[in-house]
Number of protein chains: 2
Amino acid sequence: MARQREEIMELEAEVFNALAHPLRLKILERLRSGACCVCNFIPYVGAEQSNVSHHLAILKKAGIVRCEKKGLEVWYEVTDANIFKIIDMLEECVISNLKRKSELLKEMAKR
Amino acid sequence: MARQREEIMELEAEVFNALAHPLRLKILERLRSGACCVCNFIPYVGAEQSNVSHHLAILKKAGIVRCEKKGLEVWYEVTDANIFKIIDMLEECVISNLKRKSELLKEMAKR
DNA sequence: CTTCCCTATTGACATATGACAATATTTAGA
DNA sequence: TCTAAATATTGTCATATGTCAATAGGGAAG
């Protein structure tokens, strides 16, 4: 495999990794309706402030969100709204997977 | 946030997590052209057999691949080809991100 | 039934990750 | 300048992850 391909895949893996946490997915969920400041995430995701900052930093490092200071507050927003399409597609996969499994269970119960 | 929503997000995070490794992305790359047995992944991804098996197990646990025994060999395939669309979309995001960054560097160099 | 493949599993180890608490930093306003 | 508010960073701890080496399991062929 070409070296450049490998490097791209490493970057992809990093972004997938940034998406691989329920709290960070919740943060992104909150960002669907636009920019949001840190203090607004806290009640929404139900986590400590330091924890929220930490996970925001991970999303930022992966290039998924960017931020801007506004006085005391820091407002975060998604850098590329396509990230939501990716999450939506994955959700479809997860749900169809669940359906497949429950069908299988039904089949097994019949016997 | 509704409990069911949270559970879905946990499942999503698990699938994203399964995608969050270069070796596993390479394995999936190999699966684009259809099913493949373990011994064929080994030279392709350049890893030890036990390591490949391990990562295949992670992909399987996440529901991304399934497998079937054929004599001595075990053949793996993707359970839902939509996973490739997800990877492709993420790759686009990564690449446009890279472009954005390099533009920024160019701008900065001008000054 | 013995031996040889192919694959999966296990153990050991180093490293990464996540949660929480405490503390530092930055900015606004008195 | 001093204080308070919002956010980021740090340290500590427990747990998870990834790699390698060794071993186990299970089917095929003789």
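The values are calculated or read from the model by the stated rules, or taken from the named source; none is laboratory data. The structure displayed is predicted, hence computed values, not measured ones. Because the Cβ atoms are built from the backbone with ideal geometry, glycine has one as well, and the counts that use them run over all protein chains shown.
Numbers for the structure displayed
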| quantity | calculated |
| --- | --- |
| Residues of the stretch B:54-73 that turn out to be within 16 Å of DNA strand D (Cβ to nearest atom) and either touching an Asp or Glu at 6+ places or on another chain (Cβ under 7 Å) or of a type in the set (S, T, N, Q) (or both), as a count | 2 |
| Top-ranked residue of the stretch A:53-85 - restricted to ones that are assigned to a helix (DSSP H, G or I) and without any contact (Cβ under 8 Å) to a residue 40 or more places away in the chain, ranked as farthest from A:Val15 (Cα to Cα) | A:Ser53 |
| Subset of the stretch A:61-74 (residues that are of a type in the set (Lys, Arg) and within 13 Å of DNA strand C (Cβ to nearest atom)) | A:Lys61, A:Lys69, A:Lys70 |
| Set B:Gly71, B:Gly63: member being among the small types (Gly, Ala, Ser) and either within 14 Å of another protein chain (Cβ to nearest Cβ) or within 29 Å of A:Asn82 (Cβ to Cβ) (or both) | B:Gly63 |
| Neighbours by Cβ (under 9 Å, 6+ apart or cross-chain): first from the stretch A:28-47, under 13 Å from B:Glu6 (Cβ atoms); second in a loop (DSSP other than H, G, I, E, B) | A:Glu29/B:Met1; A:Tyr44/B:Met1; A:Val45/B:Met1; A:Gly46/B:Met1 |
| Sole exception among (1) under 13 Å from the mean Cα position of the chain (by Cα); (2) more than 10 Å from DNA strand D (Cβ to nearest atom); (3) of a type in the set (Gly, Ala, Ser) for B:Ala18, by number | (2) |
| Unmet requirement for B:Met1, which otherwise passes all of (1) at the interface with another protein chain (Cβ under 8 Å from one of its Cβ atoms); (2) of a type in the set (A, V, I, L, M, F, W, C); (3) assigned to a helix (DSSP H, G or I) | (3) |
| Inter-residue pairs, beta-carbon under 9 Å, first closer than 18 Å to A:Lys85 by Cβ and in the stretch B:12-23, second basic (Lys, Arg) and more than 8 Å from DNA strand D (Cβ to nearest atom), 6+ apart | B:Ala13/A:Arg24 |
| Selection status of A:His55, more than 8 Å from chain B (Cβ to nearest Cβ) and either of a type in the set (A, V, I, L, M) or within 16 Å of DNA strand C (Cβ to nearest atom) (or both) | yes |
| Qualifying residue in the stretch B:88-96 (condition: away from DNA strand D (no atom under 16 Å from the Cβ), assigned to a strand (DSSP E or B) and under 19 Å from the mean Cα position of the chain (by Cα)) | no |
| Any chance A:Glu10 is modelled with pLDDT of 95 or more, assigned to a helix (DSSP H, G or I) and either within 14 Å of chain B (Cβ to nearest Cβ) or farther than 30 Å from B:Lys60 by Cα (or both) | yes |
| Extreme residue, farthest from the other protein chains (Cβ to nearest Cβ), among residues of the stretch A:28-50 that are within 11 Å of DNA strand C (Cβ to nearest atom) and either within 23 Å of B:Val94 (Cα to Cα) or surrounded by fewer than 14 Cβ atoms within 10 Å (Cβ to Cβ) (or both) | A:Ser50 |
